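Reviewing the structure listed below.
The values are calculated or read from the model by the stated rules, or taken from the named source; none is laboratory data. It should be emphasised that the depicted structure is a prediction, and the values quoted were computed from it without experimental measurement. Here the Cβ is made from the backbone with ideal geometry for all residues, glycine too, and neighbour counts use every protein chain on show.
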Amino acid sequence: MSIKLLSIGAVALSLIAGSALAAGNNSSTTGNAGAGTSALDNATKMQPFYTDSGMKTMKSDTELKAAWLAMNKDDRDSMMKDCADAAIAKAHTEFCQMTTRLGPAK
């Protein structure tokens, strides 16, 4: 009897934990910045820097600079902060190198 109860309890716990994790990741799939998401994963903010919809090819330096300066200061600061995180920067190497070159707008 106790093995049955332990098994049922384990299944119930995994269902509850799975639901909680799925709810926590929901904000990143909608493109909204939420807790635990990177500004660099927001397709709307990143699209101006790429020539293609798959965001594989970056625009020219002139176009990158114009897109960077067109962003508001909070978005630039958020992206630079994300690039300072080694794990995030590794996934967005080329973009983070560009932010380092351009730096914060004055």
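Would you be able to say whether some residue in the range 82-90 is buried (at least 17 other Cβ atoms within 10 Å of the Cβ), out of contact with any Phe, Trp or Tyr (no Cβ under 7 Å at 6 or more places or on another chain), of a type in the set (D, E, K, R) and modelled with pLDDT of 90 or more? Can you show your working first?
Step one: filter the range 82-90 for residues buried (at least 17 other Cβ atoms within 10 Å of the Cβ), giving 82-83, 88-89.
Applying the additional criterion that residues be out of contact with any Phe, Trp or Tyr (no Cβ under 7 Å at 6 or more places or on another chain) yields 82-83, 88-89.
This time we only want the ones that are of a type in the set (D, E, K, R), so: 82.
Remaining after also requiring modelled with pLDDT of 90 or more: 82.
Yes, some residue in the range 82-90 is buried (at least 17 other Cβ atoms within 10 Å of the Cβ), out of contact with any Phe, Trp or Tyr (no Cβ under 7 Å at 6 or more places or on another chain), of a type in the set (D, E, K, R) and modelled with pLDDT of 90 or more.
Would you say Asp74 is within 17 Å of the chain's Cα centre (by Cα) and in contact (Cβ under 8 Å) with a residue 24 or more places away in the chain?
no
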